[in-house]
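Please read the structure below before turning to the comments.
The values are calculated or read from the model by the stated rules, or taken from the named source; none is laboratory data. Computed from a predicted structure; not experimentally measured. Ideal geometry is used to build each Cβ from the backbone, glycine not excepted, and the neighbour counts take in all protein chains shown. All accessible areas refer to the heavy atoms of the entire protein, side chains included, with ligands and DNA or RNA removed. Shrake-Rupley method; radii C 1.70, N 1.55, O 1.52, S 1.80 Å.
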Amino acid sequence: YVSGVGAFFLVGCTVLFFFGGYPYPERDGDGYFQRIRAIDTLFSSGWRVYVDPFHAPGREHWNDLPERHVLVLRLRSKSRKGKCLARILALLCAFRVRKVYFHSVLRMEDCKFGRLMRIPFFMRIFDMHGVVPEEFRLHNDFFSALIYEKHERLAIRKADIVITVTHAMRDYLLQKYPHTRTNKIVVFPIYPQMSVGQANKAYANAIPIVVYAGGLQNWQ
């Protein structure tokens, strides 16, 4: 681990610094990490550093090198020393790279890393992933809605690039923040890699069956 971290600082060829968690294979079933994986493939030719705020069973060390040119810093290490090292190194890496990518407004609250959005000489990219403040309101969590709406407003104002999944999300964003420059918003959808086939079994009463395979949160 130490040699990998040292190589990162010596070589200095990082493409981007991601706040959002690394898309380990065991996380592929989660739509949030499917989005991160899709973005990751766009930058696979260079170094990527991920700040991971999630628990990862079987991965307890404060840092990890899961694949070539990828460094993962975990904020939830079991040791207090590991947590401190991950946070300090995350800031050092961010200031060395000066290219930060926030996967969702939720990640701006982690250790208050969202303050990096205020630094002008950074390349700041914000991927919405969803309308987080409104989701909290649907859960009747109005306190969290206020916190993340403040982060969202800052991200929309300061980010160099804002990424949405759909044109509907883009239009909603422009309606909510009408002073946003339209040329800073990029629509980038993702599609699951799966084969599409024809069912051989006839429909009962000629009525098709639709299966919803998403989550069951209130907003969904």
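Largest to smallest in accessible area, the residues Glu135, Glu26 fall in the order Glu26, Glu135 (1.4 Å probe, all protein chains included). Compared with the alpha-carbon gap, the fully stretched path from Asp30 to Leu174 is longer by 49.1 nm at 0.36 nm per residue. Here the range 97-220 is treated with +1 on each Lys and Arg Cβ and -1 on each Asp and Glu Cβ, and its dipole about the Cα centre works out to around 600 debye.
Between Thr41 and Thr182, the modelled label-to-label distance comes to 3.1 nm, taking each label 7 Å out from Cα in the direction of the beta carbon.
Mean residue ellipticity, 222 nm, helices only, the chain: the sum of -39500 (n - 2.57) across DSSP H runs of n ≥ 4, divided by residue count and rounded to 500, is -10000 deg cm²/dmol. For volume of the Cα convex hull per residue in Å³, one of (1) 190; (2) 169; (3) 129 was computed from the structure I shared and the rest are decoys. Which label? Working out volume of the Cα convex hull per residue in Å³ from the coordinates points to (2). Maximal additional length on extending the Tyr203-Arg59 stretch stands at 47.3 nm, based on 0.36 nm per residue less the C-alpha distance.
Relative to the Cα centre, the charge distribution of the chain, modelled as +1 at Lys and Arg Cβ and -1 at Asp and Glu Cβ, gives a dipole magnitude of about 860 debye. I'd like the distance between the alpha-carbon centres of the range 168-195 and the range 100-133, rounded to an integer number of Å. Measuring centre to centre over Cα atoms gives 16 Å. Could you calculate the FRET efficiency of Tyr212 with Lys83 from 1/(1 + (r/R0)^6), where r is the beta carbon distance between them and R0 is 45 Å, rounded to 0.05? The formula returns an efficiency of 0.75 here. My understanding is that a pair violates if its Cα-Cα distance is over 25 Å; which of Lys83/Lys112; Lys150/Lys184; Lys83/Lys176; Lys81/Lys150; Lys81/Lys158 do that in this structure? From the list (Lys83/Lys112; Lys150/Lys184; Lys83/Lys176; Lys81/Lys150; Lys81/Lys158), the Cα-Cα distance tops 25 Å for Lys83/Lys176; Lys81/Lys150; Lys81/Lys158.
Using a probe of 1.4 angstrom and keeping all protein chains present, the accessible surface of the chain works out to 59 square angstrom per residue.
Springs join every pair of Cα atoms under 10 Å in this Gaussian network model of the chain, and among Arg59, Arg124, Arg170 the largest mean-square fluctuation is at Arg59.
Based on the alpha-carbon gyration tensor of the range 74-143 and its eigenvalue square roots a ≥ b ≥ c, which shape applies: rounded if a/c is under 1.5, prolate if not and a/b is larger than b/c, or oblate? Because a/c hits 1.5 or more and a/b fails to exceed b/c, the range 74-143 counts as oblate.
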